[in-house]
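S.K.: The structure is given below, and queries will be raised subsequently.
The values are calculated or read from the model by the stated rules, or taken from the named source; none is laboratory data. From a predicted model like this one, the values you see are computed outputs, not experimental measurements. Cβ placement follows ideal geometry from the backbone for every residue including glycine, while neighbour counts extend to all protein chains displayed. Accessible surface is based on the protein model in full, side chains and every heavy atom, while ligands, DNA and RNA are left aside. Shrake-Rupley method; radii C 1.70, N 1.55, O 1.52, S 1.80 Å.
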Amino acid sequence: MSVDETAPLRVLVVDGDPRVRASVVSLLESSDELQVIAETDGGSDAVDLAERLRPDVVLLAADAARTGHTAPLSRSSRVFVLAGPEDRGTVEVAIRAGACGHLVPGAFTVGDLIRGIRDASRVSLGLSAREAEVMDLIASGRSNGEIARQLFLSEKTVKNHVNRIYSKLGVSSRATAIALWRGMVSVLPGRD
């Protein structure tokens with residue numbers, strides 16, 4: 001898996017409805033930040049594809065989530081359930097099984113998905129709101145000086161935030177911190 005901060009996040013789309021799947025794929029392909037690496041109509045195929053292709057993100061339809069595919073997919077990818085308001089119970093079960101959140105098909109934007117990925121990263125990485133704000137700017141390629149000017153902080157304060165971020169993430173480089181932040185490197189504990 002690349003730690004290049006300019007590499008797009010790799011996405012697997014899983015939905016049994018070909019029209020919904022095509023709509024989601026079309027939406028994602030309009031972004032330079034995301035790359036659809038595969039799509040499938042079923043959860044068991046999704047698990048096989050995820051093991052082979054190692055996507056950063058899996059968009060999983062509610063019907064596939066209902067059949068128990070969230071847990072195996074969430075071991076190595078950030079999983080978001082594609083579900084309408086009527087599927088609240090399915091979403092809650094999927095979240096308990098490891099999904100990061102949910103999106104309503106036809107109602108979410110690429111920005112919503114990216115915000116969801118970042119929110120999931122912030123929570124799983126244990127960053128404060130200010131550290132998350134600094135990390136967003138780091139991930140966008142800003143230097144410490146640029147971050148200081150944008151947030152009206154001293155450069156020393158920004159450097160302190162960066163050091164705390166690195167400590168919390170257990171990393172020693174900007175590239176690795178960015179990869180973790182963007183969900184390109186798994187922060188999920190290994191499972192036996």
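S.K.: Does the range 39-175 classify as rounded, prolate or oblate by the C-alpha gyration tensor (a ≥ b ≥ c root eigenvalues; a/c under 1.5 gives rounded; else a/b over b/c gives prolate, otherwise oblate)? Provide the component values of the computation, followed by the final result.
M.R.: Numbers: a/c = 2.72, a/b = 2.19, b/c = 1.24.
Note, shape of the range 39-175 comes out prolate.
S.K.: Which net charge results when you count Lys and Arg as +1 and Asp and Glu as -1 among the other residues whose beta-carbon is under 12 Å from that of residue 127?
M.R.: Numbers: positive: 118, 122, 130, 164, 168; negative: 119, 131, 133, 136.
So the environment of residue 127 carries a net charge of +1.
S.K.: For the range 102-189, which whole-number percentage of the solvent-accessible area (1.4 Å probe, protein heavy atoms only) is attributable to carbon and sulfur atoms? Don't skip to the end; give the middle numbers.
M.R.: Numbers: 2260 of 4320 Å².
Looking at the range 102-189 in its full context, I get 52 percent from C and S.
S.K.: Also, I was wondering about something else. Using a 1.4 Å probe, how large is the accessible area of residue 123, given in Å² and rounded to the nearest 10?
M.R.: 110 Å²
S.K.: Just the number please: accessible area per residue for the chain, 1.4 Å probe, all protein chains included, in Å².
M.R.: On the way: 9510 Å² over 192 residues.
Here the per-residue accessible area is 50 Å².
S.K.: On full extension of the chain, what length is gained from residue 20 through residue 44, given 0.36 nm per residue of separation minus the C-alpha to C-alpha distance?
M.R.: Details: separation 24, 0.36 × 24 = 8.64 nm, distance 1.86 nm.
Contour length minus the Cα-Cα distance gives 6.8 nm.
S.K.: For the Cα atoms of the chain, what angle does the longest principal axis make with the long axis of helix 155-169, in degrees from 0 to 90, nearest 10?
M.R.: 40 degrees
S.K.: Ordering 17, 56, 48 from largest to smallest accessible area (1.4 angstrom probe), what's the sequence? Each step should come with its number before you reach the end.
M.R.: Working: 17 50, 56 5, 48 90 Å².
Solvent-accessible surface, decreasing: 48, 17, 56.
S.K.: Using unit Cβ charges (K, R positive; D, E negative) and no other charged atoms, how large, in debye to the nearest 20, is the dipole of the chain about its Cα centre? Spell out each step's value before the answer.
M.R.: Details: 23 positive and 25 negative charges, 186 e Å.
So the magnitude is around 900 debye.
S.K.: Have a look at 81, 13, 43 and report the one farthest towards the positive end of the charge dipole of the range 1-153, computed about the Cα centre with Cβ charges (Lys/Arg +1, Asp/Glu -1).
M.R.: 81
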